[in-house]
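Accompanying notes for the structure given below.
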Amino acid sequence: MNIEGLIKRHREFREVEFKKHKDLFLELVKKGQRPKTLFIGCSDSRVIPTLITGAGPGDLFVLRVVGNFVPPFEPDDDYHAAASAIEYAVTVLNVENIIVCGHSHCGACESLYKKLPEGEELIHTRKWLELGKPAKDAALRECPESGKEELLRLTERYSVLVQLENLLTYPAVKRGVDENRIYLHGWYYRIEDGEIEYYDSTKKAFLPLT
């Protein structure tokens, strides 16, 4: 959609959707947000957290990053956008659930099997994709002879588990999980049919959410 289309959709939002939820928006302004869930998803334009969950205003605190990757906790004073969002959700908003939602046909996971161009243009992307290497390694160990598509789908699912492990390196997250105040959820959204799978730690498998 081009910029003119976005402006038109915004006008329609103001005229219809905003009026429909006006009281809720005013309440959220007056009382502040109190989302119960941090949703960590991919920046992919095909994966819309509120659309696939039916969440409304104030329901989700959303962090969208390339590949829905979660960087491990680093106790330094550098710039950490993703870490800042996680810390804010857990420590300030006191969320009760954290969802890491991967998805099918993920460009970030596919890029793990490609050599990206050298140079400054993708310097941060190349570094960021290192967060997916453990998922790639796990997929190759499990199915070294599998076809490309099977390997990519396996990598995408393994990546969700890797990011959940990285979440536990954050002291506030680990403490919340240990005290049963925070619950971690691994989801996998299939773009082609709209289905969401969740990771069942007892069965060690992704199962249909519905």
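Considering region 74-97 alone, what residues qualify as being under 21 Å from N180 (Cβ atoms) and either surrounded by fewer than 13 Cβ atoms within 10 Å (Cβ to Cβ) or among the hydrophobic types (A, V, I, L, M, F, W, C) (or both)?
Passing the criteria: I86, A89, V90, V92, L93, V95.
Given the criterion closer than 22 Å to G54 by Cα, at pLDDT 95 or above and in the same structural domain as N97 (by TED's automatic domain parsing), identify the matching residue among R190, R181.
Values: R181 fails: closer than 22 Å to G54 by Cα.
R190 is the lone residue from the list that is closer than 22 Å to G54 by Cα, at pLDDT 95 or above and in the same structural domain as N97 (by TED's automatic domain parsing).
Quick one: would you say T50 is without any contact (Cβ under 8 Å) to a residue 60 or more places away in the chain, part of a helix (DSSP H, G or I), under 21 Å from Y199 (Cα atoms) and polar (S, T, N, Q)?
Judged against the criteria, T50 is a match.
Please verify whether region 62-69 includes one or more residues that are assigned to a helix (DSSP H, G or I), out of contact with any helix residue (DSSP H, G or I) (no Cβ under 9 Å at 6 or more places or on another chain) and over 18 Å from L184 (Cα atoms). Let's see the steps before the verdict.
First pass over region 62-69, keeping only residues assigned to a helix (DSSP H, G or I): 66-68.
Now drop any that are not out of contact with any helix residue (DSSP H, G or I) (no Cβ under 9 Å at 6 or more places or on another chain), which leaves none.
The answer is no, given that none of the residues of region 62-69 is assigned to a helix (DSSP H, G or I), out of contact with any helix residue (DSSP H, G or I) (no Cβ under 9 Å at 6 or more places or on another chain) and over 18 Å from L184 (Cα atoms).
Hey, can you tell me all the residues within region 136-176 that are closer than 16 Å to Y189 by Cβ and either out of contact with any Asp or Glu (no Cβ under 7 Å at 6 or more places or on another chain) or not assigned by TED's automatic domain parsing to the domain that holds E110 (or both)?
Correct list: R153, T155, E156, R157, Y158, S159, V160, L161, Q163, L164.
Checking M1 against (1) at pLDDT 95 or above; (2) exposed (fewer than 10 other Cβ atoms within 10 Å of the Cβ); (3) not small (G, A, S); (4) not in a helix (DSSP H, G or I), which single condition isn't satisfied?
The one condition M1 does not meet is (1).
Exactly one of (1) surrounded by 12 or more Cβ atoms within 10 Å (Cβ to Cβ); (2) farther than 21 Å from L154 by Cβ; (3) modelled with pLDDT of 95 or more is unmet by C109. Its number?
(2)
Do you know which residues across region 142-167 are without any contact (Cβ under 8 Å) to a residue 12 or more places away in the chain and within 23 Å of P72 (Cβ to Cβ)?
E165
Filter region 21-43 for residues that are surrounded by 11 or more Cβ atoms within 10 Å (Cβ to Cβ) and in a helix (DSSP H, G or I) and give the result.
Matches in region 21-43: L24, F25, E27, L28.
Within region 177-188, is there a residue that is out of contact with any Leu (no Cβ under 6 Å at 6 or more places or on another chain) and under 17 Å from P72 (Cβ atoms)?
Yes: one or more hits.
The values are calculated or read from the model by the stated rules, or taken from the named source; none is laboratory data. Here the structure is a predicted model, which means the values were calculated and not measured. Cβ: placed from backbone, ideal geometry, glycine included. Neighbour counts: every protein chain shown.
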